[in-house]
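Have a look at the structure below, then the notes.
The values are calculated or read from the model by the stated rules, or taken from the named source; none is laboratory data. Just so it is clear, the structure is predicted and the values come from calculations on it, not from any experiment. When we count neighbours, we look across all protein chains shown, and the Cβ atoms used for this are built from the backbone with ideal geometry, even at glycine.
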Amino acid sequence: MSEKATAVSIRIGSIFVLIGVWYLFAKLMADVEVLPGPLAIAHAIWGVLIEPGPEGKSAYFHVGITLGRTFITFGVAMVLGIAIGLTMGLRKVIEYSMMSLIPLALTMPTILMVFLAVMWFGFNEIGSLVAVVGVVTPYVAVNIFQGAQAMDKSVIDMARVFRADKKMLIRKVYIPQLLPYIFSAFRFAFGMTWKIVALAETFGIKYGIGYMFFFWFEQFNMELVLAWIIMFVILMLILEHGVFARLEHAAFKWRPANKLQT
Amino acid sequence: MPTDKNNGHGNTVVDVQKLTKKFPDPMTGEEFVVLDAISLSVEKGKFASIVGPSGCGKSTLLNIIAGIETHDPSDGGTLDVYSDSEVAEPRVGYVFQNARLLNWLTVEDNMIFALESQGISKDLWRERVDKYLEMVGLEGQQKNYPLNLSGGMQQRVAIARALAIEPDILLMDEPFSHLDEITARKMRFDLMEILMRANPTILFITHDLGEAVFLADNIYMMSTKPARIFKQIEVDVPRPRKPEDPKIFDLEKELVREFFSVLDAQELEDG
């Protein structure tokens, strides 16, 4: 077997081992109220997928709501973070002031930030947006700022010698150098965003996957809580690895194959 | 910034008169002189070379001519770069010590970056890219990425990029100093071929006297701290030249001797 095939089979195998351990624990515990077994959960997921849930809302409705919230708040947080990071790189005043403010935001426990955001701005779309921006934007800004500092000054001088205008500089010189930083911020920020959105929904924002965790938790229905959690994790794994990893690969095709990291 | 005046400059492309550049010392704030009353001129179609020890301020001079470093007129001296055309700003091509390519763009897009920056009509891009890539010996590499090329080939792309804008003056700052000697030697021969085919106007900086004597039509010899030009000579040997040509070889030996006598005298002076 090739090394790659071995790696893939170990990765798939370890998931089956986890399911096996889960199965054993569920058997030993023998309490479906607390830990239902894998088969019961698989059955529950199937039920959620084909039948409408509470208030006649289907699973697809909730998934759509959560994805919508995730993408919109993520977009806002990324754009703000990139803008702040770039201005930090360009203006010393912004750099110094942000350097004292950002650590405050980064040190704050995420769960408290979400809690405060929904308390102050309400259990609605604004609350979840503030929560995501509060947690994700400072992180993105720091990452982009580091990218701006690491930019190669020698190619910027080259561009000036050949009289590249601002537009050319930004498109062909600045952005490509920032792209690795934008992508690493992108992946990490996306992971944070959907967790925060789910958390905010769990705190009580109407509808969405997190709302369903909370709904079934209040009904003491562990089977459906776990079913929703597993669906959520699978969905986000598909997005992160299936979509973003491919985008990143396409953006960095100029790197020689031996330096490619995925 | 270089200015352009089209009247009465004859064949002169670059005209530097008594140019002085001072830098403030970062520690003391005191000003010290980097370039001391430098005068030189480059004629159209000629290859001029400045030879001097490393760190003597040669690159500073080139950067001032290129417009990426400023020259304070109150320090003294003038700098003019003349364009062939009546209307356009003079075109300046630059080949740096290292290639300074945009690694995320293909070879041809790197060249197009310079063409587009210079406002050269899109209709000419294809022709210019193909012509100058062929001239530096990289035909067929249009779609390749720089990081797939060797250091020497990357420097060839940098030369093709600078030639493609068909500059009024091509500035070259020790372009072969980061290459191994065998590659550098090959590149010098190929540059001489290019001189004979395209006849660009070049101002070339080097610390290698042999390189200067082999390539240049005239040589300015520069001393260090502050940089001063202490001698100008012409190399009256037709191209193609051979490094083992006795005339070239003797001239190099003579210049080396002269250089050491000036540098030694300077050291005695400095104590």
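Being assigned by TED's automatic domain parsing to the domain that holds B:VAL14 and closer than 20 Å to A:LEU169 by Cβ is the requirement here; does B:ILE68 meet it? So B:ILE68 passes the test. Considering only residues in the stretch B:180-233 that are more than 19 Å from B:GLY152 (Cβ to Cβ) and among the aromatic types (Phe, Trp, Tyr), the one that is modelled with the lowest pLDDT turns out to be B:PHE230.
Here B:LYS143 fulfils each of the conditions (1) within 14 Å of another protein chain (Cβ to nearest Cβ); (2) under 27 Å from B:ARG188 (Cβ atoms); (3) not β-branched (Val, Ile, Thr) apart from (2). Take the residues in the stretch B:71-120 that are out of contact with any helix residue (DSSP H, G or I) (no Cβ under 7 Å at 6 or more places or on another chain) and among the aliphatic types (A, V, I, L, M); name whichever of them is nearest to B:SER150 (Cα to Cα). Within the stretch B:71-120, the match that is nearest to B:SER150 (Cα to Cα) is B:ILE120.
Just one of the listed residues (A:ALA77, A:ALA164, A:ALA159, A:ALA83) is of a type in the set (Gly, Ala, Ser), free of Cβ contacts under 8 Å to residues at least 12 places away in the same chain and crowded, with 20+ Cβ neighbours inside 10 Å, and it is A:ALA164. Picking from A:PHE145, A:PHE121, which residue would you name as being modelled with pLDDT of 90 or more, in contact with a Gly (Cβ under 6 Å, 6 or more places away or on another chain) and surrounded by fewer than 19 Cβ atoms within 10 Å (Cβ to Cβ)? One residue alone meets the criteria, A:PHE121. Residues in the stretch B:90-112 that are more than 19 Å from the chain's Cα centre (by Cα) and over 12 Å from B:ALA158 (Cβ atoms): B:ASN103, B:TRP104, B:LEU105, B:THR106, B:GLU108, B:ASP109, B:ILE112. Those helices (runs of 4 or more DSSP H) of the stretch A:1-102 in which at least 3 residues are among the hydrophobic types (A, V, I, L, M, F, W, C), out of contact with any Phe, Trp or Tyr (no Cβ under 7 Å at 6 or more places or on another chain) and modelled with pLDDT of 90 or more, considering only elements entirely within it, cover A:3-29, A:59-90.
Conditions tested, residue by residue: (1) of a type in the set (Ser, Thr, Tyr); (2) more than 27 Å from B:PRO53 (Cα to Cα).
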residue	(1), (2)
B:GLU139	no, yes
B:PRO146	no, yes
B:ILE159	no, no
B:PRO167	no, yes
B:LEU170	no, no
B:LEU179	no, no
B:THR183	yes, no
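Whether a residue is away from chain B (no Cβ under 14 Å), over 25 Å from the mean Cα position of the chain (by Cα) and under 30 Å from B:SER117 (Cα atoms) was assessed, and A:LEU90 passes this test.
In the stretch B:39-123, counting only strands (runs of 3 or more DSSP E) that sit wholly within it, the ones holding 2 or more residues that are out of contact with any Gly (no Cβ under 6 Å at 6 or more places or on another chain) and within 14 Å of chain A (Cβ to nearest Cβ) span B:92-95.
Can you work out which of the residues in the stretch A:88-118 that are among the small types (Gly, Ala, Ser) and in contact (Cβ under 8 Å) with a residue 24 or more places away in the chain is surrounded by the fewest Cβ atoms within 10 Å (Cβ to Cβ)? The extreme case among them is A:ALA105. For the stretch B:144-157, a tally of residues being surrounded by 15 or more Cβ atoms within 10 Å (Cβ to Cβ) and hydroxyl-bearing (Ser, Thr, Tyr) returns 1.
Considering the conditions (1) without any contact (Cβ under 8 Å) to a residue 40 or more places away in the chain; (2) not assigned by TED's automatic domain parsing to the domain that holds A:MET231, A:ILE41 is excluded by exactly one of them, (1). Can you pull out the residues in the stretch B:185-212 that are touching a Pro at 6+ places or on another chain (Cβ under 9 Å) and without any contact (Cβ under 8 Å) to a residue 60 or more places away in the chain? Result: B:ARG185, B:MET187, B:ARG188, B:PHE189, B:LEU191, B:MET192, B:GLU193, B:ILE194, B:MET196, B:GLY210.
With respect to being away from chain A (no Cβ under 11 Å) and surrounded by 19 or more Cβ atoms within 10 Å (Cβ to Cβ), B:ALA160 fits the description.
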